[in-house]
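All remarks here apply to the structure that follows.
The values are calculated or read from the model by the stated rules, or taken from the named source; none is laboratory data. Everything numeric in this text was worked out from a predicted model, so none of it was measured. Cβ placement follows ideal geometry from the backbone for every residue including glycine, while neighbour counts extend to all protein chains displayed. Quick note on the areas: whole protein, heavy atoms, side chains included, nothing else; ligands and nucleic acids left out. Shrake-Rupley method; radii C 1.70, N 1.55, O 1.52, S 1.80 Å.
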Amino acid sequence: MRSAAQRKIGLWPVLRRNASLAVFAVLLMTALNFLAHAVQDLYPSEFLGAQHRVGADIISLIMIFANIGGLVGGIGFGALSQHVGRSRTVMLATALAVFVLPFW
């Protein structure tokens, strides 16, 4: 019988066998990171500050509220993903993001 050390498979063989899935995962996470950083980086500085001349104190309050919402949402959707699955949870969260677009 082989020990656990002998059964160990390296990272590169696994990636080679699952290349299309790995590329899909990288592209999906890139898209989700673009979505997240647009909200975190561009909304407060460019949209609120530069275009609408909102003061730094109000921008800070808005971003504090948004980050608390992000924490609560991350925990909530993480728990939800245990019940309905990761793919469905990501699709639901992204679809719900459409409803907050009017706030932009």
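Computed on the chain, the Cα convex hull volume stands at 164 Å³ per residue.
Entry comment: accessible area of the chain is 82 Å² per residue, from protein heavy atoms only and a probe of 1.4 Å. Given +1 at the Cβ of Lys and Arg, -1 at the Cβ of Asp and Glu and no other charges, the dipole of the range 16-104 around its Cα centre is 500 debye to the nearest 20. Descending by average beta-carbon neighbour count within 10 Å, the peptides 53-66, 17-30 line up as 53-66, 17-30, the highest first.
Accessible surface of the chain, 1.4 Å probe: 72 percent of it comes from carbon and sulfur atoms.
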